[in-house]
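Worksheet for the structure shown next.
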Amino acid sequence: MRIGVPKEIKNHEYRVGLTPASVAELVAAGHEVLVETKAGTGIDFADEAYTRVGATIAPDAAAVFAGSDMIVKVKEPQAQEIALLESRHTLFTYLHLAADKPQTEGLIRSGATCIAYETVTSNSGALPLLKPMSEVAGRMSIQVGAHYLEKEQGGRGELLGGVPGVAPCKVAILGGGVAGINAAQMAVGQRADVTIYDINNERLAELDMHFGSQIKTAYASKAAIAEAVSRSQLVIGAVLVPGAAAPKLVTRDMLKTMMRGSVLVDIAIDQGGCFETSHATTHDDPVYEVDNVIHYCVANMPGAVARTSAFALNNATLPFVLKIANLGAGAAMRADKHLANGLNVSAGKVRHQAVAEALDLPFEAWAAV
């Protein structure tokens, strides 16, 4: 199969769909890999690193798309990339369609087979291709939250972990999944006062066993969230409904009860965000204030640590890329129901029910025949 890797063009996105090590594996398996020039230079993968392992360097994205059967990316395709997609293409990348109807409609028009990393599943019901970036975003959320609590950044001027004689900040983490647990690990490491909120009592019990007395857990009722927002200096939004838009857990009215200079970090912003006042920001302009509360809502948080993120993502995606390349998209999905769960759009149809419901579009299941 001919596999293409375009340079990412989203704001301050330096990750790359395939590292040179991944390309070497694909070439060894008999596939051709076409990489856009400078696709990896932002994280020190020069064009020569790709040619040494057998890739061909293309002058631009148009050449990559024209010469490839499968396109492997990191972030959702931008409008100019969607225009290059054809029905013969398989697109394998993060899509987050539930919060992006224009992108969904563009992919429908393209006729391409579009498989989203974030809805591929595993035997345990987990999301193995979302997990590495959730780990990164969860850990980063505490890092950036602590930064924006600094007075110079417009925050309250409080140290997350306090010092002897001065209480630590209260951190409320909404969602006890992969991102939430990684946020908690970092917050505990900085000696913050941490509470994780979730609606799954089994998950709360697991978190209690994992962290012991280092954190507190609470059922995520509306009343409990409202109380948490009013008394926490840092609130992390880490909720996830696979394939669907994130629920709005923190309302504008709740925001008015927060302390001046408190910080919200919305990890769920790719899925529309879990705070009513959230809107996507970029690494160029990452924060804004509503009612004197700082909002950090960068839609590609892991792009800030792009080299770490690229390696972590490739570790997870490469086995699936190889499977698609070896068998073709249709046969690969027939052979692997978990990969088939990643199918969001194909042949001009929405194939993921949660996406269709979120966007009020017709749903037509893919027939694995």
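The values are calculated or read from the model by the stated rules, or taken from the named source; none is laboratory data. In this text, all values refer to a predicted model and were calculated from it rather than measured experimentally. Cβ atoms come from the backbone with ideal geometry, glycine included; neighbour counts cover every protein chain shown.
With respect to Ile43, is the statement that it is within 25 Å of the chain's Cα centre (by Cα), surrounded by fewer than 16 Cβ atoms within 10 Å (Cβ to Cβ) and among the β-branched types (Val, Ile, Thr) true?
no
Tell me which of these Ile173 doesn't satisfy, since it passes every other one: (1) surrounded by 22 or more Cβ atoms within 10 Å (Cβ to Cβ); (2) at positive phi.
Every listed condition holds for Ile173 apart from (2).
Scan the stretch 297-343 for residues that are touching an Asp or Glu at 6+ places or on another chain (Cβ under 8 Å) and at pLDDT below 95 and jot them down.
Answer for the stretch 297-343, where residues must be touching an Asp or Glu at 6+ places or on another chain (Cβ under 8 Å) and at pLDDT below 95: Ala299, Asn300, Gly303.
Taking the stretch 48-95, which residues are hydrophobic (A, V, I, L, M, F, W, C), touching a residue at least 40 places away in the same chain (Cβ under 8 Å), touching a helix residue (DSSP H, G or I) at 6+ places or on another chain (Cβ under 8 Å) and closer than 22 Å to His12 by Cβ?
Ala61, Ile71, Val72, Val74, Leu95
Within the stretch 86-125, take every residue that is small (Gly, Ala, Ser) and farther than 14 Å from Gly243 by Cβ and give me the one that is surrounded by the most Cβ atoms within 10 Å (Cβ to Cβ).
Checking each candidate, the answer is Ala112.
Among the numbered criteria (1) buried (at least 16 other Cβ atoms within 10 Å of the Cβ); (2) within 14 Å of Ala244 (Cβ to Cβ), which one does Met333 miss?
(2)
Mind telling me which of the residues Asp266, Asp270 ends up being crowded, with 17+ Cβ neighbours inside 10 Å, acidic (Asp, Glu) and in contact with a Ser or Thr (Cβ under 6 Å, 6 or more places away or on another chain)?
Asp266 is the lone residue from the list that is crowded, with 17+ Cβ neighbours inside 10 Å, acidic (Asp, Glu) and in contact with a Ser or Thr (Cβ under 6 Å, 6 or more places away or on another chain).
Would you say Arg351 is under 15 Å from Val120 (Cα atoms), of a type in the set (Lys, Arg) and touching a Leu at 6+ places or on another chain (Cβ under 6 Å)?
Yes.
Take the residues in the stretch 293-351 that are basic (Lys, Arg) and assigned to a helix (DSSP H, G or I); name whichever of them is farthest from Leu91 (Cα to Cα).
Arg307
In the stretch 249-292, which residues are among the β-branched types (Val, Ile, Thr) and either under 23 Å from the mean Cα position of the chain (by Cα) or outside any strand (DSSP E or B) (or both)?
Val250, Thr251, Thr257, Val263, Val265, Ile267, Ile269, Thr277, Thr281, Thr282, Val287
In the stretch 32-41, how many are in contact with a helix residue (DSSP H, G or I) (Cβ under 6 Å, 6 or more places away or on another chain) and under 18 Å from Thr93 (Cβ atoms)?
The number of residues fulfilling the criteria is 4.
For the stretch 309-360, enumerate the residues that are farther than 23 Å from Gln271 by Cα and among the polar types (S, T, N, Q).
The answer is Asn315, Asn326.
Tally up the residues in the stretch 303-330 that are of a type outside the set (Gly, Ala, Ser) and either surrounded by fewer than 21 Cβ atoms within 10 Å (Cβ to Cβ) or not assigned by TED's automatic domain parsing to the domain that holds Phe45 (or both), please.
11
Given Asn182, Asn200, which one is farther than 30 Å from Leu318 by Cβ and either of a type in the set (Gly, Ala, Ser) or assigned by TED's automatic domain parsing to the domain that holds Arg260 (or both)?
Only one candidate passes the filter, namely Asn200.
Take the stretch 219-246 and flag every residue that is part of a helix (DSSP H, G or I), farther than 21 Å from Gln143 by Cα and not hydrophobic (A, V, I, L, M, F, W, C).
Lys222, Glu227, Ser230
Taking the conditions exactly as written (modelled with pLDDT under 95 and either part of a strand (DSSP E or B) or more than 18 Å from Cys274 (Cβ to Cβ) (or both)), does Ala146 satisfy them or not?
So Ala146 fails the test.
Spot the failing condition for Asn344; the list is (1) under 25 Å from Ala179 (Cβ atoms); (2) free of Cβ contacts under 8 Å to residues at least 60 places away in the same chain; (3) touching a Leu at 6+ places or on another chain (Cβ under 8 Å), and only one is missed.
Going through (1) under 25 Å from Ala179 (Cβ atoms); (2) free of Cβ contacts under 8 Å to residues at least 60 places away in the same chain; (3) touching a Leu at 6+ places or on another chain (Cβ under 8 Å) one by one, Asn344 breaks only (2).
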